[in-house]
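Derivation of every value follows stated rules applied to the coordinates shown; laboratory data play no part. The shown structure was predicted, so the numbers you read here are calculated from the model rather than taken from an experiment. Using ideal geometry, Cβ is built from the backbone for each residue, glycine included, and neighbour counts are taken over all protein chains shown.
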Amino acid sequence: MRLGKDHHVEPFTCPYCKKRLDGVAGVDTDTLPEPEDVSICVVCGGVSVFAEQGCLRKPSLDELDEILQREGVQEALNAFIRSMFERDNVGHA
């Protein structure tokens, strides 16, 4: 798994934590997100879907089941969880 190029975009809001975000980076791609692409919030880890206007929406339960089966999604979620653990435990033995 490779994190792609960072892109500055029009601000959008995570539908879970409500954090305003203005950057995106793909997994194994350097392209900007397109409608129906998946997003994992860097603040809360919420799994969202890009909508037509570049905003995020929560997936339906059926969509979430399908998303979690996609190649690389579980690996990306695991990387997020590990990064949060490491961030919160800096300096602790």
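When peptides 51-63, 12-24 are ranked by their average number of other Cβ atoms within 10 Å per residue, the highest-first order is 12-24, 51-63. Between Val9 and Gly23, Val24, the built amide H atoms are under 5 Å apart, and every one of these is 5 or more places off in sequence or on another chain.
Assign unit charges at the C-beta atoms only (+1 for Lys and Arg, -1 for Asp and Glu), then state the dipole size of the chain relative to its Cα centre in Debye, rounded to the nearest 20. If you can, show how the numbers build up before the last one.
Numbers: 10 positive and 17 negative charges, 104 e Å.
In debye, rounded to 20, the chain gives about 500.
Cysteines of the chain lacking any other cysteine Cβ under 4.7 Å from their own Cβ: Cys55.
Whole-Hz Karplus values for region 72-86 come out as x, 5, 4, 4, 5, 5, 4, 5, 4, 4, 4, 5, 5, 4, 5 Hz, taken residue by residue from phi with 6.51 cos²θ - 1.76 cosθ + 1.60 and θ = phi - 60°; glycine and proline positions read x. Would you list which aspartates and glutamates come within 13 Å of Lys5, measuring only between C-alpha atoms, while excluding same-chain residues fewer than 8 positions from it? Excluding near neighbours in sequence, the set is Asp28, Asp30. Recomputing semi-axes √(5λ) of the Cα gyration tensor in Å from the coordinates shown identifies the correct label among (i) 23, 15, 11; (ii) 21, 16, 14; (iii) 50, 17, 15 as (ii). PRE reach from Ala79 (point 7 Å along Cα→Cβ): which of region 35-66 fall under 14 Å by backbone N? Label zone hits: 39-42.
Would you calculate a helix-derived [θ] at 222 nm for the chain, using -39,500 (n - 2.57) for each DSSP H run of n ≥ 4 and dividing by the full residue count, to the nearest 500?
Working: 2 runs with 25 residues, N = 93.
After summing the helix terms and dividing by the residues of the chain, the value is -8500 deg cm²/dmol.
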